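Note sheet for the following structure.
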Amino acid sequence: MSASQLRQTRLLIIGSGPAGYTAAIYGARAALAPVLVQGLQPGGQLMITTDVENWPGDAHVLGPDLMARMEAQVRGLGVELVADVVASVDLSQRPFRAELDSGAVIRAESLVIATGATARWLGLPEEERLRGRGVSACATCDGFFFRGKEVVVVGGGNSAVEEALFLTNFAARVTLVHRRDHLRADRTNQARLFASPKVEVVWNAVVERLEATADGGSLAAVHVRDLPSGATRRLAADGLFVAIGHDPATGLFRGQVEMDADGYILTRPDSTATSVPGVFAAGDVRDKVFRQAVTSAGMGCMAALEAERFLAGHAAPVPLGAAA
């Protein structure tokens, strides 16, 4: 392997959402000279979010603009950003080893995993085009924009019910579409849902088609199919919230760090430290509850500070320049 294909760093960060960029900021300020691998979608999930109105200090900012500002700040601090994808990692010993799609190898004394999570979508033809134009996977992020409007939520678990309940604070009417005749959400959430005069539940049905407005610029209606009869029904809707779960992007680390049954990385209480000393996890890879940009950023800060403390107590495992 040529020298140009081998990088060595005290701190490697995998992921370029709010958690990854914040970890890079704190890592740079701690003089750790971090290297950050941006992945397939630099900026993370906020790159497909339009208006953000819950980021402290910004009454209104576009998701891509916010992430561009974070990236610019990171670059200004001298962080090395690598426009590549991590293909494999070896966490069995320090230095940890990450091989990129390009064939380059990064060896790191510490690692922050900030690869995020992706919402599960319905897979409908118009769905991707209408994301940010009425279609969302985060009521907490986007619910405010549907004040006085009609919205549809798809799902039957706690996430779907909580999204529907949250949306009743803004929307004129919330329709929950579920493919079964009973909800998987806990009894307390179900009771709150059924007690809300703003909520209607459509049972035994699936969303079959999305209808855009005449100019194609936003969502106009959701077409649902009744599973027992096959009959279809048109629901006028300004918003569709898909709440059928998220998948953490943790496949690279399976079998190497402890995870829960859903693939989220487990960390120590009040910490981002994983089961592998020197490896930290921040953001949606370990957070299945809040999934907010600001909480991800906070965890990125924690991860970098914990990495700094770890490195202060652990000597470099190999001399700089040793062979890969």
| said: Can you tell me which residue is farthest from residue 156 (Cα to Cα) among those in the stretch 181-203 that are under 27 Å from the mean Cα position of the chain (by Cα) and in a loop (DSSP other than H, G, I, E, B)? | reply: 186
| task | Output the strands (runs of 3 or more DSSP E) that fall wholly within the stretch 207-324 and possess 1 or more residues being surrounded by 13 or more Cβ atoms within 10 Å (Cβ to Cβ) and more than 28 Å from the chain's Cα centre (by Cα), or say none. | result | 219-226, 232-236
| field | Neighbours by Cβ (under 9 Å, 6+ apart or cross-chain): first from the stretch 50-66, at pLDDT below 85; second basic (Lys, Arg) and assigned to a loop (DSSP other than H, G, I, E, B) | value | 50/133
| request: Considering only the stretch 14-41, state which residues are crowded, with 24+ Cβ neighbours inside 10 Å, under 16 Å from the mean Cα position of the chain (by Cα) and in a loop (DSSP other than H, G, I, E, B). | output: 15, 16, 17
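Yes or no, residue by residue, for (1) in contact with a Phe, Trp or Tyr (Cβ under 8 Å, 6 or more places away or on another chain); (2) part of a loop (DSSP other than H, G, I, E, B):
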position	(1), (2)
12	yes, no
55	no, yes
67	yes, no
99	no, no
102	no, yes
106	no, no
| said: Anything in the stretch 252-302 that is of a type in the set (D, E, K, R), within 19 Å of residue 43 (Cβ to Cβ) and in contact (Cβ under 8 Å) with a residue 24 or more places away in the chain? List them, or say none. | reply: 284, 291
| request: Working only within the stretch 132-155, note down all residues that are farther than 10 Å from residue 239 by Cα and either modelled with pLDDT of 95 or more or of a type outside the set (Gly, Ala, Ser) (or both). | output: 138, 140, 141, 144, 147, 148, 154, 155
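Can you tell me which residue is surrounded by the fewest Cβ atoms within 10 Å (Cβ to Cβ) among those in the stretch 98-114 that are within 22 Å of residue 30 (Cα to Cα) and not small (Gly, Ala, Ser)?
107
Does at least one position in the stretch 80-88 carry a residue that is surrounded by 16 or more Cβ atoms within 10 Å (Cβ to Cβ) and closer than 29 Å to residue 244 by Cβ? Talk me through it step by step, then tell me what you get.
Residues of the stretch 80-88 surrounded by 16 or more Cβ atoms within 10 Å (Cβ to Cβ): 80-82, 84, 86.
Add one more test, that the residue is closer than 29 Å to residue 244 by Cβ, and what stays is 86.
Yes: the stretch 80-88 contains one or more residues that are surrounded by 16 or more Cβ atoms within 10 Å (Cβ to Cβ) and closer than 29 Å to residue 244 by Cβ.
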| request: Output the qualifying pairs, or none if there are none: Cβ atoms under 7 angstrom, residues six or more apart or on different chains, first residue in the stretch 10-25 and assigned by TED's automatic domain parsing to the domain that holds residue 308, second residue of a type in the set (D, E, K, R). | output: 10/109; 21/71
| request: Kindly indicate whether residue 92 is closer than 18 Å to residue 290 by Cβ and touching a residue at least 12 places away in the same chain (Cβ under 8 Å). | output: no
| request: For the stretch 149-168, state whether one or more residues are in contact (Cβ under 8 Å) with a residue 40 or more places away in the chain, among the basic types (Lys, Arg) and either closer than 24 Å to residue 204 by Cα or part of a helix (DSSP H, G or I) (or both). | output: no
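The values are calculated or read from the model by the stated rules, or taken from the named source; none is laboratory data. What you see is a predicted model, and the numbers here were worked out from it, not measured in a lab. No Cβ is skipped: glycine too gets one built from the backbone with ideal geometry, and neighbour counts run over all protein chains shown.
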